[in-house]
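Accompanying notes for the structure given below.
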Amino acid sequence: MESPLEAAIDEWHASVNEGAPERSARAVGRPLVVLGPKGAGPIDPEQFAEWVERSGIKLIPRSWHPVSERLMVVEQDATWPESEGPARVATVFRVTGERVTAALRLPDLESALELARVCREMAATE
């Protein structure tokens, strides 16, 4: 049986890969904390939906690395409409309830796992 964490991340991937803005907006919390090549910070579901539509990105999960009940690192193959082939990236996901509330994309699995561990320790000391 799939955990709520996995189900939320699966839905996030499905909505992004489908390029479905409305579905993408429903898959994330308010706010959604993001990290990527263009910066970091909170965005609302509508801004996330716009990014999904504008970017044309596809993120195919390749490996799953649970960090805690709410944190998961997923290594992915990323492609964009203009890319010649996939780029391997890794995303730290945080899930609250049934929605992704953080998607922190890093260039490799090692750095994503390190960030996820730091996030886990920070949450444990609140």
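Since every read-out is calculated from the coordinates, none of them should be taken as a lab result. Just so it is clear, the model here is predicted, and its values are computed rather than measured. Note that we place each Cβ from the backbone using ideal geometry, even for glycine, and neighbour counts take in every protein chain shown.
Modelled spin-label separation between Thr96 and Ala14, with each label point placed 7 Å from Cα along the Cα-to-Cβ direction: 2.3 nm. With contacts taken as Cα pairs under 8 Å at a separation of at least 6 residues, region 4-124 carries a relative contact order of 25 percent. Relative to a virtual label point 7 Å from the Cα of Ser68 in the Cα→beta-carbon direction, which members of region 77-100 show backbone nitrogen distances below 17 Å? Within reach of a label on Ser68: 92-100.
Note on Glu50 and Ser111: the extension gain reaches 19.2 nm, defined as 0.36 nm multiplied by sequence separation minus the Cα-Cα distance. Assuming charge only on the beta carbon of Lys and Arg (+1) and of Asp and Glu (-1), the dipole of region 1-86 about its Cα centre is about 200 debye to the nearest 20. Restricting the calculation to alpha carbons of the chain gives Rg and Dmax of 13.5, 44 angstrom. Counting every C-alpha pair in region 8-56, the share spaced more than 18 angstrom apart comes to 20%. When region 22-110 is described by a simple charge dipole with +1 on each Lys and Arg Cβ and -1 on each Asp and Glu Cβ, the residue from Gly36, Val67, Thr96 located farthest towards its positive end is Thr96. The DSSP beta bridges internal to region 4-124 are antiparallel in roughly 90% of cases.
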